[in-house]
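Asks: Sharing a structure below in structure tokens format, with a few things to ask.
The values are calculated or read from the model by the stated rules, or taken from the named source; none is laboratory data. What you see is a predicted model; the values in this text were computed from it and never measured. Cβ atoms come from the backbone with ideal geometry, glycine included; neighbour counts cover every protein chain shown. Quick note on the areas: whole protein, heavy atoms, side chains included, nothing else; ligands and nucleic acids left out. Shrake-Rupley method; radii C 1.70, N 1.55, O 1.52, S 1.80 Å.
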Amino acid sequence: MPEAPRDSTKDYVLEEKNKKILDFIEDVTNNADEVQNKVLSEILSRNANVEYLRRHGVNGQTVDRDTFKRLLPVITYEDIQPDINRIANGDKSPILTTKPITEFLTSSGTSGGERKLMPTIEEELGRRCILYSLLMPIMSQFVPDLEKGKGMYLMFIKCESKTPGGIVARPVLTSYYKSPYFRDRPYDPYTKYTSPNETVLCPDSYQSIGSRVGAIFASGFIRAIRFLEKHWTLLCNDIKTGTINNSITDSSVREAVMRILKADPKLADFIHNECSKGSWQGIITRLWPNTKYVDVIVTGTMAQYIPTLDYYSNDLPLVCTMYASSECYFGVNLNPLCKPSQVSYTLIPTMCYYEFLPVNRSNNELAVSRPSPTSLNQAQHEELVELVDVKLGQEYELVVTTHAGLYRYRVGDILRVSGFKNKAPQFSFVCRKNVALSIDSDKTDEVELQNAMKNAVTHLEPFDAHVSEYTSYADTTTIPGHYVLYWELNLKGSTPIPPCVYEDCCLTVEESLNSVYRQGRVSDKSIGALEIKIVEQGTFDKLMD
């Protein structure tokens, strides 16, 4: 993973560096409340005169924690979108922060069909890098000698744009990869990547994906393996001859790769022998036998890719190292070799100021489908608790105040308290608040849908088939409305799957959903029959493109 900026020193002692980082984690988790109070005080004192805080009664003075909570409302993106639009259109006055907004980070969430623009300031990039710097020292406690090998990561940059006011808007990882923190990073044995920077910074995913393997999200990692399945013969030829295929036209990529590429017929033959075998099961460990783990996010909606990753990796550990978003970076996994279902993140108190809104999911319904944030009544505002006051086993919606101008902002993630590291809580990711299917009074969140999918796909196993990708949609154009699942299948068997098997899959999904859904289907007739649509292979790749 990327590393935090460090001073260049001739005497680089890895053990000392790792110890300092692990001591830092111990210190901030032992003093979580004191650190949180300091973070909030810094944010408010620096920004006391900004328009947003004055609008809510701060009046240019640094206020304490209780006054902050009394004056500032809990908000979502829609509440501050007018302010963000002003900044995006060129208003340089101190609206959200005294520091200038240097770029917008584009969120995967949407507002009115458009990506959300999350404001950020120059120093925030350094703060995100600090969280990066924690990852490998933590990992080194569980996997020895990591510094003696190399890491293979699929690092994409994505499209960026400029707002009418000339501010760059781009995804958070693109922001990092294009920054000096990545391009001019000092020596670190943990970040001896297999490819030069030019391949990371190539905007054409076809040309860049052909140069390296690995990914941040499970979906990108699977895509890389499938790319290899399609193009391994070209790779073999390049390695055998020491040349680059003509389809790679980016001159900077060609020059950078040619500086390190040497003809290696023996390696090419090895790759050819493995890739030409009928089955690609365990291909990761077959091609890279020294692989210790797969570093990839498989929580939330990414959990659907776990069976495919297990197939390709021969059940290597799937490691989820960190919890982050476009709004802010939050926490790290202190037990990285745990099973994906047991992933828990320790929130680092220095990253932002945290609050937590209790959530009750009784009768399998998400009680977070409550009124809009600005309509929270006084009692609901008073429900919010501090980082150190959350209760074990309770679920909460995450609310943050950041250095970059978000105040009491609802991120939209539902987290469950799974334990504590000293005085800092540890959370498992439950779901996104608004990722749900709903036709009538039913509410189906992504966790419930994923479990239903897991039950349904067992009907495909006798045909040596599995679902490689899926998505869902609540179709309200019919009366009554109904759920639609789109499945892309990976078919390895030769026996056609009869329609009755898909009918069994539909029935199993429906039987796995909550009682409110089943009542709507059977008793109330307010929900129509679930529909599964099989899309042709490659559909999701085209969508990603």
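Asks: Could you please let me know if Gly481 is over 25 Å from Tyr311 (Cβ atoms), in contact (Cβ under 8 Å) with a residue 40 or more places away in the chain and under 32 Å from the mean Cα position of the chain (by Cα)?
Replies: Here the answer is yes, as Gly481 does meet what is asked.
Asks: Just checking, does the stretch 360-374 include any residue being among the hydroxyl-bearing types (Ser, Thr, Tyr) and at pLDDT 90 or above?
Replies: So far as the stretch 360-374 goes, no, none of its residues is among the hydroxyl-bearing types (Ser, Thr, Tyr) and at pLDDT 90 or above.
Asks: Listed residues Asp238, Asp250, Asp188; which is more than 20 Å from Phe540 (Cα to Cα), open to solvent by less than 50 Å² (accessible area, probe 1.4 Å) and modelled with pLDDT of 75 or more? It would help to see each step written out before you state the result.
Replies: Details: Asp250 fails: modelled with pLDDT of 75 or more; Asp188 fails: modelled with pLDDT of 75 or more.
One residue alone meets the criteria, Asp238.
Asks: While we're on this one: Could you tell me whether any residue of the stretch 261-274 is part of a helix (DSSP H, G or I) and within 31 Å of the chain's Cα centre (by Cα)?
Replies: no
Asks: Related question: Quick check on this structure: which one of Asn85, Asn49 is open to solvent by 10 Å² or more (accessible area, probe 1.4 Å) and not in a helix (DSSP H, G or I)?
Replies: That would be Asn49, the only listed residue that is open to solvent by 10 Å² or more (accessible area, probe 1.4 Å) and not in a helix (DSSP H, G or I).
Asks: As an exercise: evaluate Arg70 against (1) over 17 Å from His403 (Cα atoms); (2) outside any helix (DSSP H, G or I) and give the number of the one condition it does not meet.
Replies: With respect to (1) over 17 Å from His403 (Cα atoms); (2) outside any helix (DSSP H, G or I), Arg70 is out only on (2).
Asks: Just checking, does the stretch 392-413 include any residue being free of Cβ contacts under 8 Å to residues at least 40 places away in the same chain and among the β-branched types (Val, Ile, Thr)?
Replies: No: zero hits.
Asks: Separate question: Please work out if Val168 is modelled with pLDDT under 75 and among the hydrophobic types (A, V, I, L, M, F, W, C).
Replies: For Val168, the condition - modelled with pLDDT under 75 and among the hydrophobic types (A, V, I, L, M, F, W, C) - is not met.
Asks: What number of residues within the stretch 94-108 satisfy the criterion of being of a type in the set (Ser, Thr, Tyr) and open to solvent by 50 Å² or more (accessible area, probe 1.4 Å)?
Replies: Going through the stretch 94-108 one residue at a time, the tally reaches 3.
Asks: Residues Pro144, Pro73: which one is open to solvent by 10 Å² or more (accessible area, probe 1.4 Å), under 25 Å from Leu384 (Cα atoms) and not acidic (Asp, Glu)?
Replies: Pro73
Asks: Kindly indicate which of Leu154, Leu117, Leu96, Leu125 is under 17 Å from Leu406 (Cα atoms) and in a loop (DSSP other than H, G, I, E, B).
Replies: The unique qualifying residue is Leu96.
Asks: Here's another thing I want to ask about it. Restricting to the stretch 384-412, count the residues that are among the charged types (D, E, K, R) and either closer than 16 Å to Val332 by Cβ or in contact with a Cys (Cβ under 6 Å, 6 or more places away or on another chain) (or both).
Replies: 0
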